[in-house]
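Presented below is the structure to which this report refers.
The values are calculated or read from the model by the stated rules, or taken from the named source; none is laboratory data. Keep in mind the model is a prediction, meaning the values are calculated, not measured. Cβ placement follows ideal geometry from the backbone for every residue including glycine, while neighbour counts extend to all protein chains displayed.
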Amino acid sequence: MKRSRLLFMLCGGLVIGSQGFADSNIAGDINVSRPSAGVQNFYAGATLGLASYDVMDDSDTAFNIFAGFFVNDALSVELGWANLGEVEKNTVSTEASAFHLSAVGVFSLQNDINLYAKLGLTNWDVDWESSLASGSDSGSDVFFGLGIDYQVGANSFARFGADWYSLDDEDVAVYSIGIKQKF
């Protein structure tokens, strides 16, 4: 729980700090641009990919839906939900999902290619079942992701990414492709 509070404070500090830094004279020659206020600061999307479980040594289809808000050209805040699929090892079947909140840093390579890195907190839920018993577990952990957004239309992007989730003792890597739409 202490990690989740620390991460929320870190993400909040990044958002508040980037605005305060841009408004102060400390910024000097550094130009931090901000999109104009309004609905065009929002985006939403979905991805489809492969979730690879480390301990379970299995993989399954995963999908993610997300929405975000641009703080400026270099930073956004993103909220989403991911279905991490269902995997099996021996006689144990495990299904996992996760809500996530993250700060997303964006670096523009060209007008139509952006690299992104995200760091956030995930609140996950795991259900398991075997021939003898069943149960569930939940918790909060840090997650991160890396990827590329490739602009295919005026406000449409193809997203290629990888996210890494920690579900207590299980690490899950999700490799995905999807769409992102700016409003």
The conditions are (1) aromatic (F, W, Y); (2) more than 18 Å from F42 (Cα to Cα); (3) touching a Phe, Trp or Tyr at 6+ places or on another chain (Cβ under 6 Å), and F160 fails exactly one of them. Which is it? (3)
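Could you tell me which residue of region 138-165 is farthest from A98 (Cα to Cα), considering only residues that are of a type in the set (S, T, N, Q) and modelled with pLDDT of 95 or more?
Ranking the qualifying residues of region 138-165, first place goes to Q151.
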Does region 54-66 contain any residue that is polar (S, T, N, Q) and either at pLDDT below 95 or surrounded by 19 or more Cβ atoms within 10 Å (Cβ to Cβ) (or both)? yes
Selection count where residues are in a strand (DSSP E or B), under 11 Å from K180 (Cβ atoms) and either over 18 Å from the mean Cα position of the chain (by Cα) or among the small types (G, A, S) (or both), scope region 131-169: 5
Can you spot a residue in region 99-111 that is closer than 21 Å to F69 by Cβ, surrounded by 21 or more Cβ atoms within 10 Å (Cβ to Cβ) and among the small types (G, A, S)? yes
So, in region 54-82, of the ones that are more than 13 Å from T122 (Cβ to Cβ) and among the polar types (S, T, N, Q), which residue ends up nearest to the chain's Cα centre (by Cα)? S76
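Being without any contact (Cβ under 8 Å) to a residue 60 or more places away in the chain and crowded, with 19+ Cβ neighbours inside 10 Å is true for just one of E78, E95, E129. Which residue is that? Full working, then the answer.
Details: E95 fails: crowded, with 19+ Cβ neighbours inside 10 Å; E129 fails: crowded, with 19+ Cβ neighbours inside 10 Å.
Sole residue among the options that is without any contact (Cβ under 8 Å) to a residue 60 or more places away in the chain and crowded, with 19+ Cβ neighbours inside 10 Å: E78.
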